Amino acid sequence: MSSETVVSTETVETEAGTARITWHRADKPRLVLAVSHGAGGGVEARDLRALAAVLPGRGVSVALVEQPWRVAGRKVAPAPKTLDVGWRGIWPAVVAAGLPVISGGRSAGARVACRTAGELGAHAVLALSFPLHPPGRPEKSRADELLGAGVPTLVVQGGNDPFGRPDEFPAGGYDLVEVPYGDHGFAVPKRAGVTQEETLEVVTAGVVGWVASLG
């Protein structure tokens, strides 16, 4: 953990239930990244932990957001509209400092960030492992959610993600960082010849570079 990072936790009451935010605060932040988990895991995901460790040292406070269903101990995520309700409910807490907020998430959380960016006034969107389609069902595209975000957007996508490989993504007004050999959780097979640590460095370096480009 960076010496510049102060970690604290707060709970937030939303119309979908109680959410929890774990703050990794920069010493002198210029931006906030509010980022949530997917439908199959929590904020312990390797990419979320890596970003929380790196970004505060670059002037970005990171708010790791646990949706109410996770806080309540349920194992199955609710419908997308309920996820959106939970995300709207935490937004006042992440904008309270008066800083621009990047709305982010991995997998289902990335979809939430894209769907709500415009109405919440997000500065930008970070979409980690955006689930472009269900595995094996490319005809069930969710590209409209990504393309409709309406703000600067970065997609960080594993090269072997069954929910959508980078070459399946449509052209559009967003940036995309490919994580070679990575699956939906950015895990890499041993035969890839790269370590998990090196893979996470691709993720964090891509995000750091993109954040630096934001106005």
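The values are calculated or read from the model by the stated rules, or taken from the named source; none is laboratory data. Keep in mind it's a predicted model, so treat the numbers as computed, not measured. Don't worry about glycine lacking a Cβ; one is built from the backbone with ideal geometry, like all the others, and counts go over all protein chains shown. Keep in mind that these areas ignore ligands, DNA and RNA; they rest on the heavy atoms of the full protein, side chains included. Shrake-Rupley method; radii C 1.70, N 1.55, O 1.52, S 1.80 Å.
Scan the stretch 1-56 for residues that are part of a loop (DSSP other than H, G, I, E, B), of a type in the set (V, I, T) and within 21 Å of W91 (Cβ to Cβ) and report the count.
Residues flagged as part of a loop (DSSP other than H, G, I, E, B), of a type in the set (V, I, T) and within 21 Å of W91 (Cβ to Cβ) within the stretch 1-56 amount to 1.
Could you go through the stretch 53-63 and let me know if any residue there is of a type in the set (D, E, K, R), under 13 Å from A108 (Cα atoms) and at pLDDT 95 or above.
Looking only at the stretch 53-63, we keep the residues that are of a type in the set (D, E, K, R), and these are 58.
So of that shortlist, the ones also under 13 Å from A108 (Cα atoms) come out as none.
For the stretch 53-63, residues of a type in the set (D, E, K, R), under 13 Å from A108 (Cα atoms) and at pLDDT 95 or above: absent.
Looking at the stretch 103-116, is at least one residue more than 28 Å from Q196 (Cβ to Cβ), open to solvent by 50 Å² or more (accessible area, probe 1.4 Å) and in contact (Cβ under 8 Å) with a residue 24 or more places away in the chain? Spell out the reasoning first.
Taking the stretch 103-116 as the starting set, the residues that turn out to be more than 28 Å from Q196 (Cβ to Cβ) are 115-116.
Filter again for open to solvent by 50 Å² or more (accessible area, probe 1.4 Å), leaving 115.
Okay, now just the ones that are also in contact (Cβ under 8 Å) with a residue 24 or more places away in the chain, so 115.
Checking the stretch 103-116: at least one residue is more than 28 Å from Q196 (Cβ to Cβ), open to solvent by 50 Å² or more (accessible area, probe 1.4 Å) and in contact (Cβ under 8 Å) with a residue 24 or more places away in the chain.
Output the number of the condition that V203 fails; it satisfies all remaining conditions of (1) part of a helix (DSSP H, G or I); (2) within 19 Å of A108 (Cα to Cα); (3) open to solvent by 20 Å² or more (accessible area, probe 1.4 Å).
Of everything listed in (1) part of a helix (DSSP H, G or I); (2) within 19 Å of A108 (Cα to Cα); (3) open to solvent by 20 Å² or more (accessible area, probe 1.4 Å), V203 misses just condition (3).
Can you run down the residue pairs with Cβ atoms below 8 Å, 6 or more apart or on separate chains, where the first is in the stretch 173-199 and closer than 19 Å to A45 by Cβ and assigned to a helix (DSSP H, G or I) and the partner is open to solvent by less than 60 Å² (accessible area, probe 1.4 Å) and of a type in the set (V, I, T)?
Pairs that qualify, where the first residue is closer than 19 Å to A45 by Cβ and assigned to a helix (DSSP H, G or I) and the partner is open to solvent by less than 60 Å² (accessible area, probe 1.4 Å) and of a type in the set (V, I, T), are Q196/V188; T199/V179; T199/V188.
In this structure, does R88 turn out to be open to solvent by 30 Å² or more (accessible area, probe 1.4 Å), under 19 Å from S103 (Cβ atoms) and outside any strand (DSSP E or B)? Walk me through how you get there before you give the answer.
Details: open to solvent by 30 Å² or more (accessible area, probe 1.4 Å): yes; under 19 Å from S103 (Cβ atoms): yes; outside any strand (DSSP E or B): yes.
Yes; evaluated as a whole, the condition is true for this residue.
Name every residue in the stretch 135-159 that is open to solvent by 10 Å² or more (accessible area, probe 1.4 Å) and in a helix (DSSP H, G or I), in order of residue number.
Of everything in the stretch 135-159, those that are open to solvent by 10 Å² or more (accessible area, probe 1.4 Å) and in a helix (DSSP H, G or I) turn out to be A143, D144, E145, L147.
For the condition part of a helix (DSSP H, G or I) and crowded, with 19+ Cβ neighbours inside 10 Å, what is the one hit in L83, L64, L132, L126?
Going through L83, L64, L132, L126 in turn, the sole match is L83.
Being crowded, with 24+ Cβ neighbours inside 10 Å and not small (G, A, S), is that true of even one residue in the stretch 173-186?
Initially, the stretch 173-186 is screened for residues crowded, with 24+ Cβ neighbours inside 10 Å, giving 179, 182, 186.
Subsequent filtering for residues that are not small (G, A, S) retains 179, 186.
So far as the stretch 173-186 goes, yes, one or more of its residues are crowded, with 24+ Cβ neighbours inside 10 Å and not small (G, A, S).
Can you tell me which of L83, L99, L126 is within 21 Å of V156 (Cβ to Cβ), out of contact with any helix residue (DSSP H, G or I) (no Cβ under 6 Å at 6 or more places or on another chain) and of a type in the set (A, V, I, L, M)?
After ruling out the rest, the residue left standing is L126.
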